[in-house]
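Student: One structure, as structure tokens, below. Some questions next.
The values are calculated or read from the model by the stated rules, or taken from the named source; none is laboratory data. The shown structure was predicted, so the numbers you read here are calculated from the model rather than taken from an experiment. In this analysis, Cβ positions are derived from the backbone assuming ideal geometry, glycine residues included, and neighbour counts consider all displayed protein chains.
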Amino acid sequence: MCFKKIYKQIKKYDTIIIARHIGPDPDALGSSIGLKEAILYNFPNKKVYVIGTSASRFRYIGNLDRLEDVDYSNSLLIVTDTPDVKRIDGVNPSNFDYVIKIDHHPFIEKYGDIELIDDKASSASQLIIELIKNTNMKINESIAAKLYIGLIADTNRFLYSYTSTKTFELVAWLIKKTNLNFTSLYGNLYNRPLREIKFSGYLASNLIVTENGLGYLKITDDILKEYNVDCSTAGNLIENFNNIQEVKVIAFCSEDKGNDYIKCSIRSKGPIINEVTSHYNGGGHIYACGARPKTFNEVDKMLEELDLLCKNY
């Protein structure tokens, strides 16, 4: 692992920008905001910014920054939880003097001068915890809370196979080191407004399941407006539907009129799905990933491929 090399570059640069993937989830936000806090806690005189489009659902994790008069050519860029350039939110790595990638997805492309990639890690947040632990950086409870939320969200409270003995060891270290009150963090992560609970009822009532074991829903903008939810809501709820006995793969595809694509969240209990989603402006883990096809016609083609995966599994 290249923790010491990363730490050396963090020490070197006075201005550091931290980015993550578009459509952020708690791990993307927890790893990037947690890393910012850790850098400032150890180097209070540095200028450190976390950038990207905000996500109101996860505002409790921390605030994002606006860049003003930053000289990219003399700055360090650190990108967490993002395997390829097209998914980085808000910046182009080629504009920076030095780039570090910290990611737990399968490798897609190289864009960093240093690339810390471990697709066996549970989360990008786990890799930031490892960075802090292996470089003896100081850490406090606030930093630990961000990283714990990211890790817990990506493992669904240690449910998924990406959880390893190392994951548990690092979490134990984090709690012991900071006396983290981890049970207090679950409220924000798992509480849902009533409209989302009602929308979850719509998803359950209208879910289509093929004879091959593909469960899916195509959700139009009109449906989203009817339930007063956004295009990310179905994806945030998908884990609640990933244990249906008759379903091998589940896909929720929501119309995103603002960005002119269909936002698809997909989970699998066996078939490897990320190769299919890579054909539809997506990607991710082998059992958990997303896609952004432009039309519902493309969605239908993707669903046909996923259904065939289920049939052949």
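Student: I need a count of the residues in the stretch 202-218 that are of a type in the set (Gly, Ala, Ser) and either within 25 Å of the chain's Cα centre (by Cα) or not assigned by TED's automatic domain parsing to the domain that holds residue 229 (or both).
Tutor: Count: 2.
Student: Further question: Could you list, in sequence order, the residues of the stretch 65-89 that are in a helix (DSSP H, G or I), basic (Lys, Arg) and over 22 Å from residue 151 (Cα atoms)?
Tutor: Answer for the stretch 65-89, where residues must be in a helix (DSSP H, G or I), basic (Lys, Arg) and over 22 Å from residue 151 (Cα atoms): just 86.
Student: Among the numbered conditions (1) surrounded by 21 or more Cβ atoms within 10 Å (Cβ to Cβ); (2) at pLDDT 95 or above; (3) in contact with a Leu (Cβ under 9 Å, 6 or more places away or on another chain), tell me where residue 77 comes up short.
Tutor: Tallying (1) surrounded by 21 or more Cβ atoms within 10 Å (Cβ to Cβ); (2) at pLDDT 95 or above; (3) in contact with a Leu (Cβ under 9 Å, 6 or more places away or on another chain), residue 77 fails exactly one: (3).
Here is a yes/no grid of residues against (1) basic (Lys, Arg); (2) assigned to a loop (DSSP other than H, G, I, E, B):
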{"residue": "211", "(1), (2)": "no, yes"}
{"residue": "216", "(1), (2)": "no, no"}
{"residue": "264", "(1), (2)": "no, no"}
{"residue": "270", "(1), (2)": "no, yes"}
{"residue": "311", "(1), (2)": "yes, no"}
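Student: From the residues in the stretch 82-109 that are among the acidic types (Asp, Glu) and without any contact (Cβ under 8 Å) to a residue 60 or more places away in the chain, which one is surrounded by the most Cβ atoms within 10 Å (Cβ to Cβ)?
Tutor: 103
Student: Can you pull out every residue in the stretch 167-187 that is surrounded by 15 or more Cβ atoms within 10 Å (Cβ to Cβ) and not in a loop (DSSP other than H, G, I, E, B)?
Tutor: 167, 170, 171, 173, 174, 175, 177, 178, 182, 185 - these are the residues of the stretch 167-187 that are surrounded by 15 or more Cβ atoms within 10 Å (Cβ to Cβ) and not in a loop (DSSP other than H, G, I, E, B).
Student: Among the residues of the stretch 286-295, write down those that are surrounded by 14 or more Cβ atoms within 10 Å (Cβ to Cβ) and either of a type in the set (Phe, Trp, Tyr) or out of contact with any helix residue (DSSP H, G or I) (no Cβ under 6 Å at 6 or more places or on another chain) (or both).
Tutor: 287, 288, 290, 292, listed by residue number.
Student: Is it true that residue 281 is on the phi > 0 side of the Ramachandran plot and modelled with pLDDT under 95?
Tutor: Here the answer is yes, as residue 281 does meet what is asked.
Student: Could you please find all residues in the stretch 188-208 being surrounded by fewer than 15 Cβ atoms within 10 Å (Cβ to Cβ), outside any helix (DSSP H, G or I) and either hydrophobic (A, V, I, L, M, F, W, C) or in contact with a strand residue (DSSP E or B) (Cβ under 7 Å, 6 or more places away or on another chain) (or both)?
Tutor: The one that is surrounded by fewer than 15 Cβ atoms within 10 Å (Cβ to Cβ), outside any helix (DSSP H, G or I) and either hydrophobic (A, V, I, L, M, F, W, C) or in contact with a strand residue (DSSP E or B) (Cβ under 7 Å, 6 or more places away or on another chain) (or both): 208.
Student: Let me ask another. If residue 156 satisfies all but one of (1) under 20 Å from residue 118 (Cα atoms); (2) in contact with a helix residue (DSSP H, G or I) (Cβ under 8 Å, 6 or more places away or on another chain); (3) surrounded by fewer than 16 Cβ atoms within 10 Å (Cβ to Cβ); (4) without any contact (Cβ under 8 Å) to a residue 40 or more places away in the chain, what's the number of the condition it fails?
Tutor: (4)
Student: Shifting gears a bit: Hey, could you check the stretch 47-64 for residues that are part of a helix (DSSP H, G or I) and touching a residue at least 40 places away in the same chain (Cβ under 8 Å) and say which is farthest from residue 10 (Cα to Cα)?
Tutor: Step by step, filter the stretch 47-64, then rank; the result is 57.
Student: Would you say residue 71 is assigned by TED's automatic domain parsing to the domain that holds residue 31, in contact (Cβ under 8 Å) with a residue 40 or more places away in the chain and surrounded by fewer than 17 Cβ atoms within 10 Å (Cβ to Cβ)?
Tutor: yes
Student: Can you tell me which of 270, 282 is over 20 Å from the mean Cα position of the chain (by Cα), closer than 23 Å to residue 108 by Cα and in the same structural domain as residue 302 (by TED's automatic domain parsing)?
Tutor: Exactly one residue qualifies, and that residue is 270.
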